[in-house]
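The values are calculated or read from the model by the stated rules, or taken from the named source; none is laboratory data. For clarity, every value in this text was computed on a predicted model and none was experimentally measured. Note that we place each Cβ from the backbone using ideal geometry, even for glycine, and neighbour counts take in every protein chain shown. SASA here: full protein model, heavy atoms, side chains in, ligands and nucleic acids out. Shrake-Rupley method; radii C 1.70, N 1.55, O 1.52, S 1.80 Å.
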Amino acid sequence: MSTHPTVAAVTARITERSAVGRAAYLDRIRAASAQGPARGSLGCANLAHGVAACGPAEKLTLRAAVKPNIAIVSAYNDMLSAHQPFEAFPAILKRAIAEAGGVAQFAGGVPAMCDGITQGRAGMELSLFSRDVIAMSTALALSHDMFDGALLLGVCDKIVPGLVIGALAFGHLPTILVPAGPMTSGLSNAEKSRVRQLHAEGKVGRDELLEAESAAYHGPGTCTFYGTANSNQLLMEAMGLHLPAAAFVNPGTPLRTALTEEAGRRVLDLTRLGENYTPIGEVIDERAVVNGVVALLATGGSTNHTMHLVAIAAAAGITLRWDDFAELSAVVPSLTRIYPNGTADVNHFHAAGGTTYLISELLDAGLMHSDARTVAGEMSAYRTEPALRDGGVVWQDGVAESLDKTVLRGVADPFAPDGGLRMLSGRLGRAVMKVSAVKAEHRVLTAPARVFDDQQDFLDAFQAGELFHDIVAVVRYQGPKANGMPELHKLTPALGVLQDRGHAVALVTDGRMSGASGKIPAAIHVTPEAADGGPLSRLRDGDLITVDAETGTLDVLADLGARTPEPRNPSSPTGTGRELFAAFRAAIGPADQGATVFGMETAS
């Protein structure tokens, strides 16, 4: 199948605008890619420090520089369910790599925080910043020039994008992302959401709410809804950085362990000392970036990736823009219904055919680049799925048809003819909307604004009964420069109550909602943000706002140019470590350029 003309055109446009930045990036990483292990150029004292803690055999191996040394960088901590399984992974990887003729060293850890724990709290204002801290931490781990390849252990939200951005700074190193897998299914996400909304209405108490939440989030592994964490995992396969179909195998299973071992063996083959040198900087090219966007759109994935993919691309010298998302969204069909876009969870998606079937369908339709380079060879490898045989992993053909068409469909019979994301623009700026869970009748509305500078003020107004009418709730000063761009999911149950009572409801914010965005039309990531003098700073209660996902319009019936910005309150977040990130708030770029402190916009 030839490449779809729109996919080809968007890829060509990205390639053209990125030519200077991409060429400079490739020159840099190719210059760093000397024959043989980089540690061979270290001074004697430097190398002695690097091997001091190794056993005798490893010391001899590393000093001789004839076997590859693999860095393990992990987001392990035992508080977070998604990362708790990583405790055992370094030992598994070291053993598999040693048996295959290499050496592995645990090079460093990176922080991993949980948006689920910090939701609605001050710590959430550090979440987006943590991505760039993780990138820097990854760079520190790899900076010793001791390594010939890397294995990155991470799953959730900002962790995977941060690991990839950091690894791309060492783009000459072959790199594989090693997932931990989702927790087994517990209380359904739909039932959890129902109890949350009942709690917002005051119909059930905290005890009932906590029982439901605990039944949903009940064990080791990623949360099972299709939020940023699981969008990360799917994108790492679509972009060729996972082993095929590795994302959604549950932790603590023999297949999960076997896949971890196989990642260790595979990365050795990708090094300069192996047979198939494949540096990460050559894997993440314009084709891989477009493949990632297409997979995101086809599955209605996390809106956070309208920033993360832009930042990842920029780290590889590639300029990706929101317009590219919008143009691709028009031709990429919606092929999944995973909560919050449906009732199924990622375990159901995996059982129905998962990434193997999804990628096969997109490749057959010419919607993904089949010639993209991956850690498994060509993209055709991702048409296969792993199975255990004689204690090891073999890859076999995936299913030819979806095993559950209420969850996963083919391109010939999609849930919708276009992707799950929309880009909106108008006199209020530019914004992103996830529409895959929003019913058609709720995608267009004009209603008076009620303006808040803090999400708690909105919740207080809801509890006071002030919002039971048609409304566009504007929650501003939630952008990256203002307070780190927190997710605002605490608003979702209350907004759902208003919509269910027959009111026309929408949310407009320069903050985030991420992959858990649900049935309420939410124009998020509004750029320029209020703290940067954007139009939201001039809005007042009662202004008529139009939110139209069908035409891509975000407009206001008011002369904002004649107004001065409303004062911001509070002006400088402190407490819970927020004061330590003042430099990040001052340096961070806008959402449509990746909301990064690295200043990596590459277009001329």
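Here are the numbers:
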{"item": "Stretch gain in nm, segment residue 572-residue 119, where the contour uses 0.36 nm per residue and the Cα spacing is subtracted", "result": "161.1 nm"}
{"item": "Relative contact order for the chain, counting Cα pairs under 8 Å that sit 6 or more residues apart, in percent", "result": "16"}
{"item": "Gyration tensor verdict on the range 260-410 (Cα atoms; rounded if a/c is under 1.5, prolate if a/b is larger than b/c, oblate otherwise)", "result": "oblate"}
{"item": "Around residue 208: net Lys/Arg minus Asp/Glu count, Cβ-Cβ under 12 Å", "result": "+1"}
{"item": "Gain in span if fully extended, residue 364 to residue 8, counting 0.36 nm per residue against the direct Cα distance", "result": "126.7 nm"}
{"item": "Per-selection Kirkwood Rh - the range 1-95 (Cα, Å, 1 d.p.)", "result": "18.0"}
{"item": "Label assignment, Cα Rg over 2.2 N^0.38 Å derived from the structure, set (1) 0.94; (2) 1.01; (3) 1.44", "result": "(1)"}
{"item": "Zone residues, the range 317-359, relative to residue 425, backbone N less than 18 Å from point 7 Å out along Cα-to-Cβ", "result": "319-331"}
{"item": "Enclosed volume per residue, in Å³, of the convex hull spanned by Cα atoms of the range 449-604", "result": "141"}
{"item": "Label-point gap, in nm, between residue 456 and residue 276 - each point 7 angstrom along Cα→Cβ", "result": "5.4"}
{"item": "Segment residue 44-residue 403, extension gain: residue separation times 0.36 nm, minus the distance between their alpha carbons", "result": "123.4 nm"}
{"item": "Equivalent-ellipsoid semi-axes of the range 140-186, from the Cα gyration tensor, Å, largest first", "result": "25, 11, 8"}
{"item": "For the range 164-175, Karplus couplings with θ = phi - 60° (6.51, -1.76, 1.60), whole Hz, Gly/Pro x", "result": "5, 4, x, 5, 5, 5, 10, x, 7, 8, x, 9"}
{"item": "Protection proxy ranking of 347-358, 382-393, 163-174, 414-425 - average other beta-carbon atoms within 10 Å, highest first", "result": "163-174, 347-358, 414-425, 382-393"}
{"item": "At most 16 other Cβ within 10 Å, DSSP loop - trypsin sites (Lys or Arg not before Pro), the range 132-212", "result": "203"}
{"item": "Nearest-0.05 FRET efficiency for residue 191 and residue 28, computed from C-beta distance (R0 41 Å)", "result": "0.20"}
{"item": "Gyration tensor verdict on the range 203-290 (Cα atoms; rounded if a/c is under 1.5, prolate if a/b is larger than b/c, oblate otherwise)", "result": "oblate"}
{"item": "Reachable lysines, given that their alpha-carbon falls under 27 Å from the alpha-carbon of residue 192 and they are not under 8 places away in the same chain", "result": "158, 203, 405, 434, 439, 490, 519"}
{"item": "Carbon and sulfur %, accessible surface of the chain computed with the full protein complex present, 1.4 Å", "result": "52"}
{"item": "The chain, accessible area per residue, ligands and nucleic acids excluded (1.4 Å, Å²)", "result": "36"}
{"item": "The range 350-397: C-alpha gyration tensor shape, a/c 1.5 cut-off, then a/b vs b/c", "result": "oblate"}
{"item": "Using θ = phi - 60° and Karplus 6.51 cos²θ - 1.76 cosθ + 1.60, couplings along the range 208-223 (whole Hz; Gly, Pro as x)", "result": "5, 5, 5, 5, 5, 4, 5, 6, 7, 9, 10, x, x, x, 5, 4"}
